[in-house]
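The values are calculated or read from the model by the stated rules, or taken from the named source; none is laboratory data. Since we're looking at a predicted model, the values are computed, not measured. Glycine gets a Cβ as well: all are built from the backbone with ideal geometry, and neighbour counts include every protein chain shown. All accessible areas refer to the heavy atoms of the entire protein, side chains included, with ligands and DNA or RNA removed. Shrake-Rupley method; radii C 1.70, N 1.55, O 1.52, S 1.80 Å.
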Amino acid sequence: MTQPAMLPFPITLTRPADRVTDESAVVRVLDPTSPLLSSPNKIGEADFAHWVQERSLYMPHTFDKQYRALFSMNDKDEPPNDAAVLVAPVGKGTYIYTTFSFFRQLPAGNPGAARLFINFLSADQRAANRPNAATAPVRP
């Protein structure tokens, strides 16, 4: 299923949608140099501690190459999903598709979730124009 009119670039969601129900599932950073992980808050492993009920919902199964993937995660015995957070430039701004369950974490007072959410709200165009470390061109 895709919803082209709702998003700037295509994604595909499966039914049931991919998700991570284990609130302690490991969160892997795919782009450690992203400004979304350093401004205004430095985001680290401790920011993903003490989450409640689940990590992620409605994770895209596939996504357009114009998005940059920021995090990967999965439940035990499930394949990694690199679409936990997708970032793309749109006009003069930045579009962020997040699957993190902020609607559970923020009311629970999770400080790491609040710090990450603030970083997302503070995003500017620089956040969307960072290549993933895995796909960055090698310069001589």
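Of the solvent-accessible surface of the chain, computed with a 1.4 Å probe and all protein chains present, 56% belongs to carbon and sulfur.
Ranked by the mean number of other Cβ atoms within 10 Å per residue, highest first, peptides 20-31, 80-91 order as 80-91, 20-31. With a sphere of radius 14 Å drawn around the Cβ of E45, what net charge do the other residues whose Cβ falls strictly inside it have (Lys, Arg +1; Asp, Glu -1)? Its environment carries a net charge of +3. Stretching the chain fully between A114 and K65 yields a gain of 14.8 nm (0.36 nm per residue, less the alpha carbon separation). Our coupling estimate for segment 6-13, obtained by passing each phi through the Karplus curve with A = 6.51, B = -1.76, C = 1.60 and θ = phi - 60°, is 9, 10, x, 9, x, 9, 10, 10 Hz, Gly and Pro reported as x. Residues with beta-carbon under 13 Å from that of S56, excluding S56: net charge, scoring Lys, Arg +1 and Asp, Glu -1? Combined, the nearby Lys, Arg, Asp and Glu give -3. Translational diffusion of the chain was estimated from the Stokes-Einstein equation, with Rh taken as the Kirkwood radius over Cα pairs; at 4 °C and 1.567 mPa s the coefficient is 84 µm²/s. Restriction of the trypsin sites (Lys or Arg not before Pro) in segment 54-86 to DSSP coil positions whose beta-carbon has at most 14 other beta-carbons within 10 angstrom yields K65, K76.
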